[in-house]
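Worksheet: one structure, shown below.
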Amino acid sequence: MEYLISHYNYWIYILLMMVGLYAMLAKNNLIKKVIGMSIFQTAIIVFYVSTGAKREATIPIIAHGHGHDTAHAVINAAHYANPLPHVLMLTAIVVSVGTLGVALAICLGIYRRYNTLEEDELQEQLQ
Amino acid sequence: MILYKQAPALLVIIPLLSAFAINIGGWFNHRSCFPIALAAMTATLGASLLTIAQVLQTGPISYRLGGWPPPFGIEYVVDHLNSLVLVTIALVSLLAVIFAKLSVEKDLPDKIPQFYTLYVLLVTGLLGMTITGDAFNLYVLLEISALTGYALIALGDNRALPASFNYVILGTIGASFYLLGVGHLYIMTGSLNMGDLFNILPNLYATRAVFVAFLLILCGVWLKMAFFPLHTWLPNAYTYAPSAAGCLVAPLVTKVSVYIMIRLMLSVFSSWYVFDVLALSGAIVWLAVAAILFGSILALAQKDLKKMLTYLIVAEVGYMVGGFWLATVSGITGTILHIVNDALMTFCLFVFAGIVVYQTGGQKLTDLQGLYRKMPVTMTAFTIGALSMIGVPPTAGFFSKWYLILGAIEAGSYHFMAALLISSLVNAILFFKIIEIAYFEPMTDHHGGKVHETVISEAPFSMLLPLLVVAAGLIVIGLYSGTIVTNIIRFSIPAGL
C-alpha cells in the first residue's frame, strides 16, 4: 500500500495512458480517437514532469551567486529541482499540438469527403 | 575547408532552410518551388558525400552543435554506419524530387508549394534522425518526419485520408512509446546523449527499469518500421499516397527506422546486452520469419501493383529485423547492406509504379498489358529492379540476401534461411507474372477491346532519368558490394560477435 502511495505519480500516468490507448484503439468516432491520442501524449508529459518535481526545492538559479559572495555561497544540488525534464516537455507539447493539428485536419478532410466521422460508416463507404 | 568541417550540420540545415525558401517562393510563383527543392537536394547530396569522405579519411566524426561539449549539448555523430545511410537518403531524395516534378504537376496542381515544403521537411527529419547522437533529439526529428509523412500521404486520392488517419494514430503510439522508453533511461542515468548512455548503462543492466525502457523503445521503433504484426498502417498508407510522395516515403521511412533500431541497440544498449543478456533473439527471428512469410503471401494475393509492393516492404522489413537479430557478423552485414539495397530497389519499383500511373492512369496489374512494346526503356529498368528484388546476381539484392543467408547458417537459424528462400521464390513468381502480363498479353482496355495504339508511349525524360540512374545503381552496387562491405560496413559491426 505504501508502495502504491509513494509512487502515485506513476500510477496516474499509467492510468491516463491506458485511458488514451483504449480510446485510440476501441472508439468508433474519429474525434474520440484523436482525444484519446491527446490524453495518451499528455500522460507521457505528466510522467516526465513528475520526475523533475521535488518538494521544497527551488528553480535552478543561483540566487546570490554574483558579485563578491560567489566563493562563499554554498551550492547544494539537492536544493534545486531538475529543470531538464520540464524543458524537454516544452518540445513534446509542441510536437503533440502539431500531431493534434494534423489529425484534426485529416478528420476535417474525411468529413468533407465522406460526410461521416464514424469509423464503421466510413468502412462501409470504402468497401 | 570550412564547408568540409561543417558538412554534418549543413546536411540538416540545407533542407530545413529550403523549406522556408520554397514556401516564400511559392507565394510569388509556383514554378520556383521545384528548382529550389532540386538545388537543396543536390546540395544535401554534396554535403553527404563530403561527410562520408571525411569519415573514410579520419574515422567517426563528432560534431558539437553550438560548440557545447557532448553530455550537455546536442552532438551529431557520424560513423561508417550512418554515413552510408545518409548518402542513401540524400541520393534517393534527389532522384525522387526529379521524378516528382511532372507527377506533382499532374496530381496536385494547386498544392505545389505545400508538397515541396513537406518533402524537404521530411528529408530533414530523416537525415536528422540518422545523424543525431542524442536520444531526445532523435524523438523530435522522428516526429518531424512522421508529421510531414502523414500530411504527404493525406494529399493522395480519396482513400488516402482514412489511411493517413490510421497512420497518425499508430505512428503516434510508436513515437510515444519511444519517448517513454527514453524517459526511463533518463531517470536511470540522468543523460540523453547516446555515447554517455552507452557508458553509464552497463552498471544498470540488471534493473527492471532498463529492461522496460528497452522493450518500450523496441516496440516504438517496430511500430514505425511496420514490423509484423505492427504493420497494419503501412499497406493502405503507401498505396493511396500520391506517386511522388510514395517514391520518397516508401523507400526511406521504414529503412531509416531499421537503422534507428540498429543504432539504438548497438550504441545505446550494447550487443552484449541485447544479444547475450536478454536472449530474445530466437523469438524475434521467429517473428521476422512470420513477417517475411506473411508479407510475401499477401503480396501474392494483390491485384493492385502498388499494394503488392507495399506488402513486399513488410516482408523486406522482416529480412532486416531478422538479419540483425541473428547476431552474427554476416547477418548484421547483410542487414546494413540491405538497408541501402532495399531503399534503391523499393525506389526503383515505386518510380516504375508512378510512371505506370502517370502514363496509363491505372495501377492494377492488368493495366500493365503490352507495356514492353510501349515503354521499352521503363520496362527494362523495372526488370532490373525486379531481378534485384528476387535476388539474381549481379544485382544488389543478391548480395545482401547472400550475407543474410550466410548469417542464418552461422547462427543455425535454418527457419530464417527457409523463409528467405521462400520469399525469393514468391518474388520470382510475382515479378515473372508481371513480366508475362506486360510482355505477352496484348493491350486491351477495360471492356476487352483494343485501345488506340498511340495512347501510351514512353515516359517523359525527367521520370525516366531517376529510374535509369537507380537501375544502373543497383548493378553498380551489386558489383562493388564487396568494396562497400570491406571499407564501410565492416567498421559498423560490434567487436566480439
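The values are calculated or read from the model by the stated rules, or taken from the named source; none is laboratory data. Just so we're clear, the structure is a prediction, and the values are computed from it rather than from any experiment. FYI the Cβ positions are ideal-geometry reconstructions off the backbone, even for glycines, and counts take in every protein chain you see. Note: accessible area is taken over every heavy atom of the protein model, side chains too, but ligands, DNA and RNA are not part of it. Shrake-Rupley method; radii C 1.70, N 1.55, O 1.52, S 1.80 Å.
The rows are residues; the columns are (1) open to solvent by 40 Å² or more (accessible area, probe 1.4 Å); (2) closer than 28 Å to B:G195 by Cβ.
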| site | (1), (2) |
| --- | --- |
| B:G26 | no, no |
| B:S32 | no, no |
| B:T42 | yes, no |
| B:I52 | no, yes |
| B:W68 | yes, yes |
Original post:
Which one of the conditions (1) of a type outside the set (D, E); (2) open to solvent by 10 Å² or more (accessible area, probe 1.4 Å); (3) without any contact (Cβ under 8 Å) to a residue 60 or more places away in the chain; (4) away from every other protein chain (no Cβ under 12 Å) does B:K101 fail to meet, given that it meets all the rest?
Top reply: (3)
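For the stretch B:55-62, check the following and say yes or no: at least one residue is touching a strand residue (DSSP E or B) at 6+ places or on another chain (Cβ under 6 Å), more than 13 Å from B:G133 (Cα to Cα) and not in a strand (DSSP E or B). Step through it out loud before you land on a result.
To start, the set of residues in the stretch B:55-62 that are touching a strand residue (DSSP E or B) at 6+ places or on another chain (Cβ under 6 Å) comprises B:55, B:61-62.
Then keep just the ones that are more than 13 Å from B:G133 (Cα to Cα); that gives B:55.
Filter again for not in a strand (DSSP E or B), leaving B:55.
Yes, there is a match, as at least one residue in the stretch B:55-62 is touching a strand residue (DSSP E or B) at 6+ places or on another chain (Cβ under 6 Å), more than 13 Å from B:G133 (Cα to Cα) and not in a strand (DSSP E or B).
Limited to the stretch A:82-127, what total is found for residues that are assigned to a loop (DSSP other than H, G, I, E, B) and open to solvent by 20 Å² or more (accessible area, probe 1.4 Å)? Walk me through how you get there before you give the answer.
At the first step, the residues of the stretch A:82-127 found to be assigned to a loop (DSSP other than H, G, I, E, B) are A:82-83, A:115-117, A:127.
Still in the running and open to solvent by 20 Å² or more (accessible area, probe 1.4 Å): A:82-83, A:115, A:117, A:127.
Residues flagged as assigned to a loop (DSSP other than H, G, I, E, B) and open to solvent by 20 Å² or more (accessible area, probe 1.4 Å) within the stretch A:82-127 amount to 5.
Given the options B:F198, B:F214, B:F165, name the one that is among the aromatic types (F, W, Y) and within 11 Å of another protein chain (Cβ to nearest Cβ). Can you show your working first?
Details: B:F198 fails: within 11 Å of another protein chain (Cβ to nearest Cβ); B:F214 fails: within 11 Å of another protein chain (Cβ to nearest Cβ).
Unique residue meeting the criteria: B:F165.
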Subject >> Single residue of the stretch B:122-141 satisfying the filter (among the β-branched types (V, I, T) and more than 13 Å from the chain's Cα centre (by Cα)) that is farthest from the other protein chains (Cβ to nearest Cβ) >> reply: B:I131
**OP:** Filter the stretch B:122-140 for residues that are open to solvent by less than 10 Å² (accessible area, probe 1.4 Å), free of Cβ contacts under 8 Å to residues at least 60 places away in the same chain and among the β-branched types (V, I, T) and give the result.
**Re:** B:T132
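Among the residues of the stretch B:1-12, is there at least one that is among the polar types (S, T, N, Q) and more than 18 Å from B:G128 (Cβ to Cβ)?
Start the filter on the stretch B:1-12 by keeping residues that are among the polar types (S, T, N, Q), which leaves B:6.
Restricting the remaining residues to those that are more than 18 Å from B:G128 (Cβ to Cβ) gives none.
No, the stretch B:1-12 contains no residue that is among the polar types (S, T, N, Q) and more than 18 Å from B:G128 (Cβ to Cβ).
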**OP:** Determine whether B:E143 is outside any strand (DSSP E or B), surrounded by fewer than 23 Cβ atoms within 10 Å (Cβ to Cβ) and not small (G, A, S).
**Re:** no
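What's the total number of residues in the stretch B:334-360 that are within 27 Å of B:R490 (Cα to Cα) and open to solvent by 10 Å² or more (accessible area, probe 1.4 Å)?
1
Please report, ordered by residue number, the helices (runs of 4 or more DSSP H) entirely within the stretch A:1-65 with at least 2 residues that are surrounded by 11 or more Cβ atoms within 10 Å (Cβ to Cβ) and among the polar types (S, T, N, Q). Walk me through it before giving the result.
On the way: elements: A:2-6, A:8-26, A:30-51.
Passing ranges, in order: A:30-51.
Every residue in the stretch B:282-303 that is open to solvent by less than 20 Å² (accessible area, probe 1.4 Å) and not β-branched (V, I, T), please. Lay out the reasoning, then the answer.
Start the filter on the stretch B:282-303 by keeping residues that are open to solvent by less than 20 Å² (accessible area, probe 1.4 Å), which leaves B:284-285, B:288-289, B:291-292, B:295-296, B:299.
Selection gives B:A288, B:A291, B:G295, B:S296, B:A299.
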**OP:** Could you tell me which of the residues B:L474, B:L425, B:L421 is modelled with pLDDT of 85 or more, in a helix (DSSP H, G or I) and touching a helix residue (DSSP H, G or I) at 6+ places or on another chain (Cβ under 6 Å)?
**Re:** B:L474
**OP:** Return only the number of the condition from (1) under 27 Å from A:A81 (Cα atoms); (2) more than 13 Å from chain A (Cβ to nearest Cβ); (3) of a type outside the set (F, W, Y) that B:M225 does not satisfy.
**Re:** (1)
Original post:
Do we have B:I144 as of a type in the set (V, I, T) and within 12 Å of chain A (Cβ to nearest Cβ) here?
Top reply: yes
